[in-house]
Amino acid sequence: MADLSFTLVGMYQDDQETVTGLPSLLPGFAEVEMQLAAADPQISFVDLWHDAPGYLAAVNAGYLADSVHPTAAGADAYSRTIMAALVPEPTLIGLAAILLPLIRRRRSI
């Protein structure tokens, strides 16, 4: 199964510390996921804890329906963060690699 791959997603920030007075366990889970991904090229890791808006920013933006569950806007924002991490923006070199053959082909027609 050489073509099988996985993406692990570290959870976005919660309000665990505010509710219980204890630090959230989620960053520790994300650390383990990051180590797994670093050890296996078939595993990708996206760290929403650091890459997505913080808890208060998410609440203020309307991304959370309660202290944990995302709204439609939150799901959209978090999914865009995940996609940005997995699918990098095209570079000029990449764009040139796509366009040059098309330009050459058009000139030969």
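Observations
- When the range 83-109 is filtered for residues that are modelled with pLDDT under 80 and within 20 Å of the chain's Cα centre (by Cα), the ones remaining, listed by number, are PRO88, GLU89, PRO90, THR91.
- One residue from ALA58, ALA38 being in a helix (DSSP H, G or I), at pLDDT 90 or above and exposed (fewer than 11 other Cβ atoms within 10 Å of the Cβ): ALA38
- Filter result (more than 15 Å from ASP15 (Cβ to Cβ) and surrounded by 12 or more Cβ atoms within 10 Å (Cβ to Cβ)) within the range 62-75: GLY62, THR71, ALA73, ALA75
- Test: residue in the range 18-26 that is in contact with a Ser or Thr (Cβ under 9 Å, 6 or more places away or on another chain) and not hydroxyl-bearing (Ser, Thr, Tyr): yes
- Verdict on ARG80 being out of contact with any helix residue (DSSP H, G or I) (no Cβ under 9 Å at 6 or more places or on another chain), at pLDDT 80 or above and assigned to a helix (DSSP H, G or I): yes
- Scanning the range 3-35 for residues that are touching a residue at least 12 places away in the same chain (Cβ under 8 Å) and either part of a loop (DSSP other than H, G, I, E, B) or of a type in the set (Lys, Arg) (or both) gives LEU4, SER5, MET11, TYR12, GLN13, ASP14, ASP15.
- Residue in the range 18-31 that is surrounded by 13 or more Cβ atoms within 10 Å (Cβ to Cβ), among the hydroxyl-bearing types (Ser, Thr, Tyr) and at pLDDT below 95 present: yes
- Residues within the range 41-55 that are acidic (Asp, Glu) and either loosely packed, with under 12 Cβ neighbours inside 10 Å or farther than 14 Å from VAL9 by Cα (or both), tallied: 0
- First in the range 85-109 and part of a helix (DSSP H, G or I), second anywhere and at pLDDT 65 or above, Cβ under 7 Å, 6 or more apart: ALA85/VAL46; ALA85/ASP51; LEU86/THR7; LEU86/SER44; LEU86/VAL46
The values are calculated or read from the model by the stated rules, or taken from the named source; none is laboratory data. From a predicted model like this one, the values you see are computed outputs, not experimental measurements. Cβ atoms come from the backbone with ideal geometry, glycine included; neighbour counts cover every protein chain shown.
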